[in-house]
There are 2 protein chains.
Amino acid sequence: MREITLPESGPKRKLLDAAEQLFAEKGFEAVSVRDITQLSKANVAAVSYHFGSRENLLTLVMTRYMTPVNEERIVRLEALERKWTGKSVPLEEIIEAFVRPLVGQVRKSELSERLFYKLMGRIFGQQGDGLPPQIEEQLRNVVVRFTRALAKALPAVNADDLAWRIHFMVGGMIHLLAHQDLFQRLTPGTSGTPPMESIVSRFIRFSAAGLREGVEAEAPTPKGPQVMFDF
Amino acid sequence: MREITLPESGPKRKLLDAAEQLFAEKGFEAVSVRDITQLSKANVAAVSYHFGSRENLLTLVMTRYMTPVNEERIVRLEALERKWTGKSVPLEEIIEAFVRPLVGQVRKSELSERLFYKLMGRIFGQQGDGLPPQIEEQLRNVVVRFTRALAKALPAVNADDLAWRIHFMVGGMIHLLAHQDLFQRLTPGTSGTPPMESIVSRFIRFSAAGLREGVEAEAPTPKGPQVMFDF
DNA sequence: AAATGATTGAATCGTCCGTTTGACATTGGT
DNA sequence: ACCAATGTCAAACGGACGATTCAATCATTT
């Protein structure tokens, strides 16, 4: 699993951390290099000097966590396919392999949980314009691989239907990341934000139900107490 | 149902149409006043003259279809509650009342279907920062009303769970709008874009299944042929 | 201590932005 | 025909942007 190596301290690291924080808070287009250098108490020229250009810094921020996430997704999926050779992989485990890596990367950043997920959401939301080509390709690969796996897990669902259902699921995930905080403001009745783990668990159940809509034996999953995932 | 009145032709209308097109294509922040006036063959000063400021034009574009959509959502929901007084409103009909108004407004713009939905998706995606306060309030109201209705339709689902499931559903809808075209590039195996109507139908089924996940009598809906909605 | 290369700082470049100005053209009512 | 209101236009404004320059400073090695 490739890691993007960076100095643990120093001005370069400070710039990157500031950039991440501001990008997460205000979005990629709304942050100037002057904002970044001001927050990290560096000179305006620092970004050009250390990263070459604002654009480079931007793709570095985007790549830094996104690439490990996408690689872990593939690794997890392949592990599942190895584990269930012959048999079909349970739907919930596939979805978990898709979402879980996001939770796993959160601790590797200096950002708060809230900002980290927001940053991830913003990156995913850029799909179609503004994403570095490498990430676009990673995402395409991930979608293709997971679509194949889900098709195997749901042979009764026609290909077009399945593709759209995956589309909806991905949308739900992006929204969950980007607007986790907004959720509170819109639904004041609910109790405070639960830990991401329990939200992910809810997301997996929601998506699984949506994906297997209309399938006969509605759930081959044991209906017992929920210790299926350790969160 | 309030309408935003605008001249059917003239430079003001031309500016607005150009603005809508460009905002839909490139996003709100990526379009300059000069882009707009150039496309509509007007002078740079035209936007300031006719709309006061770029900001005003922006909120006008955002309000123009969004307000009717949100109002129609409420109207439809109230109609459903009248129709099913006493009984609980079927889940699918509530979701339809939530999504359908978007399809209804598409013909009122000069934009192609593709661009119109993209514009709507961009507006929804701005939630949290950059939306005119009036629209934020409309959305909050819509979410509250529909949450109440869905809670009645799904008494077995606990409030927190339901709120999150709605959150996921909304995310799916936004993604569907904003990245309808992206869907194709990511899943090349599928046949060409079906009409929005059939996508909406798929979305309703997906969301309904996700919302009622874990509920005992899995579907009180007739399992017969699908003439439930006329699309 | 001197020399060398890496980093910083202040100033400045050219460009694009939204908006304003003031001269000019068009229109419609009297 | 006149005038006032309305609309259009090229030009320019001040500001923010990303990037660059170049001298000053720092750290490391010799």
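The values are calculated or read from the model by the stated rules, or taken from the named source; none is laboratory data. The structure displayed is predicted, hence computed values, not measured ones. Cβ sites come from the backbone with ideal geometry, for glycine too, and all protein chains shown count toward neighbours. These area figures cover heavy atoms from the full protein model, side chains too; ligands, DNA and RNA do not enter into them. Shrake-Rupley method; radii C 1.70, N 1.55, O 1.52, S 1.80 Å.
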Take the residues in the range B:13-42 that are more than 16 Å from B:MET120 (Cα to Cα) and away from DNA strand C (no atom under 14 Å from the Cβ); name whichever of them is least open to solvent (accessible area, probe 1.4 Å). B:ARG13
Among the residues that make up the range A:50-67, is at least one of them away from DNA strand C (no atom under 16 Å from the Cβ) and within 14 Å of another protein chain (Cβ to nearest Cβ)? no
Can A:VAL103 be described as more than 16 Å from DNA strand C (Cβ to nearest atom), over 18 Å from A:PHE23 (Cα atoms), at pLDDT 95 or above and β-branched (Val, Ile, Thr)? no
Could you check B:PRO132 against (1) under 28 Å from A:ARG122 (Cα atoms); (2) under 14 Å from the mean Cα position of the chain (by Cα) and say which number it fails? (2)
Any chance you could count how many residues in the range A:147-173 are crowded, with 23+ Cβ neighbours inside 10 Å and out of contact with any helix residue (DSSP H, G or I) (no Cβ under 8 Å at 6 or more places or on another chain)? 0
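Among the residues of the range A:26-38, is there at least one that is in a helix (DSSP H, G or I), within 14 Å of chain B (Cβ to nearest Cβ) and away from DNA strand D (no atom under 16 Å from the Cβ)? Steps first, please.
Just the residues of the range A:26-38 that are in a helix (DSSP H, G or I), to begin with: A:26, A:33-38.
Imposing the further condition that a residue be within 14 Å of chain B (Cβ to nearest Cβ) reduces the set to A:26.
Among the residues that remain, those that are also away from DNA strand D (no atom under 16 Å from the Cβ) are: none.
Within the range A:26-38, not a single residue is in a helix (DSSP H, G or I), within 14 Å of chain B (Cβ to nearest Cβ) and away from DNA strand D (no atom under 16 Å from the Cβ).
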Limited to the range B:138-183, what total is found for residues that are part of a helix (DSSP H, G or I), more than 19 Å from B:PHE203 (Cβ to Cβ) and more than 11 Å from every other protein chain (Cβ to nearest Cβ)? 3
Please indicate, with yes or no, whether at least one residue in the range B:68-82 is loosely packed, with under 15 Cβ neighbours inside 10 Å, away from every other protein chain (no Cβ under 14 Å) and within 16 Å of DNA strand C (Cβ to nearest atom). no
Inspect the range A:106-129 for any residue being β-branched (Val, Ile, Thr) and more than 7 Å from chain B (Cβ to nearest Cβ) and give the result as yes or no. yes
Counting just the residues of the range B:43-62 that are open to solvent by less than 50 Å² (accessible area, probe 1.4 Å) and either touching a Phe, Trp or Tyr at 6+ places or on another chain (Cβ under 9 Å) or at pLDDT below 95 (or both), which one comes out farthest from DNA strand D (Cβ to nearest atom)? B:MET62
